[in-house]
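The values are calculated or read from the model by the stated rules, or taken from the named source; none is laboratory data. Note that this is a predicted model, so its numbers are computed, not measured. So basically every Cβ, Gly included, is an ideal-geometry build from the backbone, and we count neighbours across all protein chains shown. Just so you know, the surface numbers come from the protein's heavy atoms only, side chains and all, with ligands and any DNA or RNA stripped out. Shrake-Rupley method; radii C 1.70, N 1.55, O 1.52, S 1.80 Å.
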Amino acid sequence: MDFLKPRYTPMNRRRRIYEGKAKVLYEGPEPGTLIQHFKDDATAFNAKKHEVIDGKGVLNNRISEFIFQNLNDIGVPTHFIRRLNMREQLIREVEIIPLEVVVRNVAAGSLATKLGLEEGTQLPRSIIEFYYKNDALNDPMVSEEHVTAFGWASPQEIDDIMALAIRVNDFLSGLFLGVGIRLVDFKMETGRLWENDTVRIVVADEISPDSCRLWDIKSNDKLDKDRFRRDMGGLVEAYTEVARRLGILPESDTPNGRGPVLVTSKD
Ligand code: UDP
């Protein structure tokens, strides 16, 4: 039954550079570019919890595109070039700095647990934290001392990363506040981008409800990955709501992405 086999399978022909928990990176069409593919996989607790959630990748691709395009437009450098299709975007190849940069505005998650703060407590000011990206070690929190001593980033690069983190936090806080959402905290990643002989730090990876805590301003409803971490259900509906409020999806799109319903006439 040869005719049942797909004739064209570009996905398999592309060189796969890296596969992570929620994304795959493929070789791009030109040197210095990559294709970032968003999967539907959701993981938490260092991948001990894993599920495939239909439609998550498509939503994160769109939401992250929107955020990165806006960052580019206001002069915050990122790796993003353009979205290619429902699940993929064209990005610049960068050397990822092995740090998760977390910015917090409100106590939640690990900070609330560690310091015994009630979730939802406004912090005295925004706080930036670094975690060393290493699954085998469970991404431990590290200080600037560790970052420079082990050569993960130079003191100048740390300054650049913190300046970027503050700009991204200010931009995202305002963006989300405008659509009735409180940006509690988020994680971003950075990379070194070579342009001729110069290197600069740019925002990389993704920024989406997978990597942010987003609470509805009025109800405090969670519109982020905590719905998965805490088995609350309704993840795709929550991400769809974020996309819709940002104006990315038309008002009429159904949350579960089933598309139009066929209405048949009986007469
Ligand atoms: N975060 C992330 N990836 C991680 C760990 C954290 O995107 O591997 C995000 C998380 O979604 C939240 C912020 O970083 O928006 C702070 O997370 P926290 O340290 O509270 O960790 P958690 O309790 O979520 O494990």
Going through region 124-138 in order, the residues found to be at negative phi and not in a helix (DSSP H, G or I) are P124, R125, S126, I127, I128, E129, F130, Y131, Y132, K133, N134
What about I53, is it among the hydrophobic types (A, V, I, L, M, F, W, C), open to solvent by less than 10 Å² (accessible area, probe 1.4 Å) and within 24 Å of R230 (Cβ to Cβ)? no
Can you spot a residue in region 14-32 that is at pLDDT below 95, more than 16 Å from the ligand (Cβ to nearest atom) and either open to solvent by 60 Å² or more (accessible area, probe 1.4 Å) or under 18 Å from V202 (Cβ atoms) (or both)? yes
Consider G109 against the criteria (1) touching a residue at least 60 places away in the same chain (Cβ under 8 Å); (2) more than 22 Å from the chain's Cα centre (by Cα): it satisfies all of them except one. Which criterion is unmet? (2)
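Confirm whether K133 is over 22 Å from the mean Cα position of the chain (by Cα), within 16 Å of the ligand (Cβ to nearest atom), closer than 22 Å to A44 by Cα and surrounded by fewer than 18 Cβ atoms within 10 Å (Cβ to Cβ).
Working: over 22 Å from the mean Cα position of the chain (by Cα): no; within 16 Å of the ligand (Cβ to nearest atom): yes; closer than 22 Å to A44 by Cα: yes; surrounded by fewer than 18 Cβ atoms within 10 Å (Cβ to Cβ): yes.
Spelling it out, it is not the case that K133 is over 22 Å from the mean Cα position of the chain (by Cα), within 16 Å of the ligand (Cβ to nearest atom), closer than 22 Å to A44 by Cα and surrounded by fewer than 18 Cβ atoms within 10 Å (Cβ to Cβ).
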Is at least one residue of region 139-155 among the acidic types (D, E), in contact (Cβ under 8 Å) with a residue 24 or more places away in the chain, in a helix (DSSP H, G or I) and exposed (fewer than 13 other Cβ atoms within 10 Å of the Cβ)? no
Count of residues meeting criterion [within 11 Å of the ligand (Cβ to nearest atom) and part of a strand (DSSP E or B)] in region 99-123: 7
